[in-house]
1. For the stretch 192-208, enumerate the residues that are surrounded by 13 or more Cβ atoms within 10 Å (Cβ to Cβ) and either in a loop (DSSP other than H, G, I, E, B) or touching a Gly at 6+ places or on another chain (Cβ under 6 Å) (or both).
2. Give me the residue from the stretch 48-73 that is out of contact with any Gly (no Cβ under 8 Å at 6 or more places or on another chain) and among the aliphatic types (A, V, I, L, M) and, out of that set, nearest to S156 (Cα to Cα).
3. With the requirement that a residue be in contact with a Lys or Arg (Cβ under 8 Å, 6 or more places away or on another chain) and at pLDDT below 75, what does the stretch 192-228 give you?
4. Collect the residues in the stretch 155-167 that are surrounded by fewer than 15 Cβ atoms within 10 Å (Cβ to Cβ) and more than 13 Å from N192 (Cβ to Cβ), keeping them in residue-number order.
5. Tell me, which residue of the stretch 114-151 that is in a loop (DSSP other than H, G, I, E, B) and modelled with pLDDT of 75 or more is surrounded by the most Cβ atoms within 10 Å (Cβ to Cβ)?
6. On the given criteria, is C45 more than 11 Å from the chain's Cα centre (by Cα), outside any strand (DSSP E or B) and over 21 Å from R154 (Cβ atoms)?
7. Mind telling me which of the residues Q90, Q70 ends up being over 21 Å from A36 (Cα atoms) and either polar (S, T, N, Q) or in contact (Cβ under 8 Å) with a residue 40 or more places away in the chain (or both)?
Amino acid sequence: MSTFRILLAEDHPVFRMGVCSLIRSHVGWDVCGEAADGRQAVTKCIELRPDLLILDICMPNLNGLEAARQILKQKPDQKILILTDIESEQVIHDCLEAGVRGWILKSDRVDELTTAIEQIQQNRSSFSPRISSMILYGYLKPHSANSIMGRPARLSVREREIVQLVSEGRSSREIAQLLGVTVKTAESHRNNIMLKLGLHSTVEMVMYAIRNQIVNVQLPTLMPPIPEREIALASAAFGD
């Protein structure tokens, strides 16, 4: 039986190490590569051609949704499993629309992740119970301005990239370098986005990005709790 090759895209090193250890402990599975941001995920997925890409939504430089869209545009048959803590109906809908095959929450049990990988390996889709319920509820409830089908003005792929980069504090020069365009072009895109969305400042653009799950913001606490799942995966990675 041939090895099932998995590419893991996750920006938290300890969590990524734990998931890699879990994958390698399974007979017939192997981690063919790792990515720490959305752009790396796109590049490595195209280069390495893995059987499965496990992808987080909250990724720097390019979020998981946009990474999935770019990958599936070039490789429509690529199997993608989302592993995240995001539970946004809109983001779930957009990922399914793009062609994502499964969605597991980081708060789910470790065996639910392995089951999801096994199901996708068998050419089936796999969603955690909570996400399945959200999908069903979103499908059954009447469409309205607040439903997962309702959405603001559509942005192009390039425009969504720029919104994320601006929201992450990138300057026009940095954005131009990342996207391979001139500074003038980057600034023109930025101005066009603000005009299209009716925004008047960078702060408003950041708020738009947060509301529409283009970027994710987690408020710090004095002593942030460590999820049991991350402890288990980290322990597995270090052999404890």
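1. Once the filter is applied, which keeps residues that are surrounded by 13 or more Cβ atoms within 10 Å (Cβ to Cβ) and either in a loop (DSSP other than H, G, I, E, B) or touching a Gly at 6+ places or on another chain (Cβ under 6 Å) (or both), the stretch 192-208 yields only L199.
2. Pass one, the stretch 48-73, residues out of contact with any Gly (no Cβ under 8 Å at 6 or more places or on another chain): 49, 51-54, 65, 69-71, 73.
Those left that are additionally among the aliphatic types (A, V, I, L, M): 52-54, 65, 71.
Numbers: L52: 26, L53: 24, I54: 25, L65: 13, I71: 16 Å.
Only one residue tops the list, namely L65.
3. Correct list: P227 only.
4. Scanning the stretch 155-167 gives a single hit, V157.
5. By that ranking, first place goes to S128.
6. Numbers: more than 11 Å from the chain's Cα centre (by Cα): yes; outside any strand (DSSP E or B): yes; over 21 Å from R154 (Cβ atoms): yes.
Yes: the conditions hold for C45.
7. None of the other options fit; the residue is Q90.
Quick grid of which residues meet (1) at positive phi; (2) surrounded by fewer than 18 Cβ atoms within 10 Å (Cβ to Cβ); (3) not basic (K, R):
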{"site": "R69", "(1), (2), (3)": "no, no, no"}
{"site": "Q74", "(1), (2), (3)": "no, yes, yes"}
{"site": "L81", "(1), (2), (3)": "no, no, yes"}
{"site": "T84", "(1), (2), (3)": "no, no, yes"}
{"site": "E87", "(1), (2), (3)": "no, yes, yes"}
{"site": "I92", "(1), (2), (3)": "no, no, yes"}
{"site": "G99", "(1), (2), (3)": "yes, yes, yes"}
{"site": "L105", "(1), (2), (3)": "no, no, yes"}
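The values are calculated or read from the model by the stated rules, or taken from the named source; none is laboratory data. Not measured: the values here are computed from a predicted model. All Cβ positions, even for glycine, are placed from backbone atoms using ideal geometry, and neighbour counts span all protein chains on display.
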